[in-house]
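The values are calculated or read from the model by the stated rules, or taken from the named source; none is laboratory data. Just so it is clear, the structure is predicted and the values come from calculations on it, not from any experiment. All Cβ positions, even for glycine, are placed from backbone atoms using ideal geometry, and neighbour counts span all protein chains on display.
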Amino acid sequence: MKLLRRAAPALLACLVWGAQAQPLKVGAGAVQLQPRGGDAPVPAAPHRTEAARKLAVPTNQWYSSLVFSDKPEAIYAQPLTFRATAAGFEVALPRKAVVPTERRDVEIHYAHADAIELSPTAFEPGRAQLARASDWAIDIAMAQGADAFTATVAHGSPYAWVQLGRGDLRVRLPAAGERLPAADARVLVLRVKDRSYALFGPTGVRWEPVSATEWVGRLPAGRGYAAVSALPDDRPETLALLARHAYGLLVDTRVDWKVDAATGQVETTFKASTRALEGDDAGALLGLYPHHWHANASVTGRLGPAYDTVRGPVKLLAASSFTTTTRYTGFVPYWPGITDSPRLGELRDVMKSDLRNARRMMLENGQGPYWQGKGLLRVVKMLDVFEQQGDTEAREQLLRLLKARVQEWFSGEDRKRYFHWDQKAGTVVSYPEEYFSVVQMNDHHFHYGYWIRAAAEIALRDPAWAAKEQWGAMVDLLVKDIATAERGRADFPFLRNFDPYEGHSWASGIGLGATGNNQESSSEALNAWTGLILWGEVNGDTALRDLGIWLLATETESVQHYWFDLYKLVFAPEYRNPDVSMLFGGKYAHNTWWIDDPRQITGINLLPMTTVSSYFARDPAYVKRNLDALKEEEKVWAARGKKVDPPDIWQDIFAKYLALADPPAALAAWNRWGAVELGDSRTHTLHFLLSLVEMGVPDLSVQADTPLYQVFRRADGRRTYLAFNAGKVPRTVRFSDGQQLTVAPGTLARARQP
């Protein structure tokens, strides 16, 4: 009896858990609605207002630390930084710091420091909470009981706006400040250390000094607001510009995209809505990043003063909207077979070896969704080669292997491997967890991007397998987790990982750390958007396809600026590395999270090397410069007494990268018996290299009127044209140089110039 009483609570807990753990059917698959056993749940996001709690949790954003962290973290909005503390709301203009490292290079930091602090005088501010978020602006509520205190901040904005329910506004300085002249009595300009700040109060405000480091704004009744800005320079006309727009409170921000499938033109429109706090509404004053203003004829001659930031010059534009245009340069799922290469026998040999080891190669390192996703794409890319080389029996063998592994996870029946839909938070997570993808909500686009792309390529061969009533509904769920395009939903947030204004993704789900959110592998983010395009094409979902095209084209442009600095606009002169491998809200660095081996530092922003990697061919000279720099970095690594095993780690990735600039040199550099990156294979690498030797380097100057196409150009000028038709009827593809190609359904077509 005593034993039964002891066992009863445990038995009851098991019964309750079992009742809660009934899976939810999703097509032929299933997701768990609760984590199993001792598996960790997703993190709580307590710091949201009641209204914000009705929506899915906004993870992986530049402000996500606000909703997760009990410790106040800096928010990097560019050009300003902010932090909500128990004492008040901090605003700062970061300055560049060059930080030497043990790697014998430097990092560039723009830290939140020397902030001014705003707070109400009539009450203590409450715990900061996310009150509202639009596409690139947020409201932060710091209410205390019935007393309201709210700050509005935004990417690119030179202002923060604060609104108080009652009382006056206190301004504390990090050091003694000097008041500078201002013609407008509403404006207080203070010089603090090497920064100048301007505060814009309502008509009737009185700015009174309390001490050398404290001022109070006496606010007239019913006008409890002020805007604060840091000045990019000391010119009177700059202050006048900021004063003119300071009273236009941002109330909404929205990004819209449009894809012209016939030309590959991708247009993005940024719209900001304002409400006049007093006087006439002068509209918004927006700070444009380099990827917004570079080579953008629509803003030429309209840009004003610039802020020095970690993203390069952020230039002011007095307008409530602007548009950017970039090009989508296409890709095909795979390249055609090799028929007449002198190394065809070698290709057959590596194919035989890889086929024998295919099951092991699918899961060589790690049991969770990241490494399993890499294994899936690894085998898919092998399958491509077997198919194009005419080995249909091996193709079917690999296809069965892929389906079985995906179904093992999607079924919800495996004891260890499963997906969990947390409907309260609005996310799908997977177990066993890797890289804090559950407890910190990290890297969902990296992980699920591999799965979505692999599933799309399975669906190219077997549409019935990918039907919604079969396994396609599970793929759709992963798509929704990383790329829901609707705003204001409770089931999933708008574009979980993607930052529409900065034009790239963020990897950290909860965004903790002194330097803000971060992203390392830009190339794995681009792989995710490739998966959306393919999945949309396979299913005839043009909206999803166009979303993927917009994300791919936009992030590619952002990567060219902020990871590779192709246009020489961003990197500080003290930063000698040709690439950034880790991009943070407040710094950039040449390192990885797990090792400072230069080969892996460089390679993490290259892999996976597939057909979509042709975007690297935009600047062949940069490819060679980056690889030359890697040789010097390896010498420094060796001089520090460091070793990596194997010493030629990721040599296949670098050979493929070089092939996009110089195919013969890349083929000569690749060692068949050398190291193999665990998301790739000798089969795919050799086929990739031989294809480029045969076709030439990608020619990004030629467009086509279909999403799935590529053009290559040999040294002698002859072009090869590829197009894939994922539809159900034949189509004629027209290229911008006059070439036409008729493509049957479900096939890859090729044309060569004589």
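Overview of values
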quantity: Output for the range 581-605, where each listed residue is in a loop (DSSP other than H, G, I, E, B) and either of a type in the set (S, T, N, Q) or farther than 11 Å from Ile108 by Cα (or both); calculated: Ser581, Gly585, Asn591, Thr592, Trp593, Trp594, Ile595, Asp596, Asp597, Ile604, Asn605
quantity: Of residues in the range 204-225 being aliphatic (A, V, I, L, M) and surrounded by fewer than 19 Cβ atoms within 10 Å (Cβ to Cβ), the one farthest from Asp168 (Cα to Cα); calculated: Ala212
quantity: Residue within the range 566-578 that is crowded, with 23+ Cβ neighbours inside 10 Å, closer than 30 Å to His109 by Cβ, in contact with a helix residue (DSSP H, G or I) (Cβ under 6 Å, 6 or more places away or on another chain) and not basic (Lys, Arg) present; calculated: yes
quantity: Within the range 564-606, considering residues that are closer than 22 Å to Ala617 by Cβ and among the hydroxyl-bearing types (Ser, Thr, Tyr), the one nearest to the chain's Cα centre (by Cα); calculated: Ser581
quantity: Enumeration of residues in the range 244-271 that are aliphatic (A, V, I, L, M) and either out of contact with any strand residue (DSSP E or B) (no Cβ under 6 Å at 6 or more places or on another chain) or outside any strand (DSSP E or B) (or both); calculated: Ala246, Ala261, Ala262
quantity: Answer residue from the range 475-531, given it is in a loop (DSSP other than H, G, I, E, B), out of contact with any helix residue (DSSP H, G or I) (no Cβ under 6 Å at 6 or more places or on another chain) and among the aromatic types (Phe, Trp, Tyr) and is farthest from Leu288 (Cα to Cα) among those; calculated: Trp506
quantity: Residue among Gly201, Gly279, Gly304 that alone is surrounded by 14 or more Cβ atoms within 10 Å (Cβ to Cβ), under 27 Å from Thr121 (Cβ atoms) and not basic (Lys, Arg); calculated: Gly201
quantity: Failed item in (1) within 32 Å of the chain's Cα centre (by Cα); (2) assigned to a helix (DSSP H, G or I), with Pro664 passing the rest; calculated: (1)
quantity: Residues of the range 1-50 satisfying the condition of being at pLDDT below 95, assigned to a loop (DSSP other than H, G, I, E, B) and among the polar types (S, T, N, Q); calculated: Gln22
quantity: Among residues of the range 606-634, those that are part of a helix (DSSP H, G or I) and either of a type outside the set (A, V, I, L, M) or within 21 Å of Thr530 (Cα to Cα) (or both), counted; calculated: 18
quantity: Set Trp506, Trp535: member being at pLDDT 95 or above, crowded, with 24+ Cβ neighbours inside 10 Å and touching a Phe, Trp or Tyr at 6+ places or on another chain (Cβ under 8 Å); calculated: Trp506
quantity: Strands (runs of 3 or more DSSP E) (entirely within the range 80-189) containing at least 3 residues that are touching a helix residue (DSSP H, G or I) at 6+ places or on another chain (Cβ under 8 Å) and at pLDDT 95 or above; calculated: 129-133
quantity: Number of positions in the range 667-691 that are surrounded by fewer than 23 Cβ atoms within 10 Å (Cβ to Cβ), in a helix (DSSP H, G or I) and of a type in the set (S, T, N, Q); calculated: 0
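Residue-by-condition table, conditions (1) more than 30 Å from Gly337 (Cα to Cα); (2) modelled with pLDDT under 95; (3) in contact with an Asp or Glu (Cβ under 6 Å, 6 or more places away or on another chain):
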{"residue": "Arg395", "(1), (2), (3)": "no, no, yes"}
{"residue": "Leu398", "(1), (2), (3)": "no, no, no"}
{"residue": "Ala404", "(1), (2), (3)": "no, no, no"}
{"residue": "Trp409", "(1), (2), (3)": "yes, no, no"}
{"residue": "Lys416", "(1), (2), (3)": "yes, yes, no"}
{"residue": "Phe419", "(1), (2), (3)": "yes, no, no"}
{"residue": "Asp422", "(1), (2), (3)": "yes, no, no"}
{"residue": "Gly426", "(1), (2), (3)": "yes, no, yes"}
{"residue": "Tyr431", "(1), (2), (3)": "yes, no, yes"}
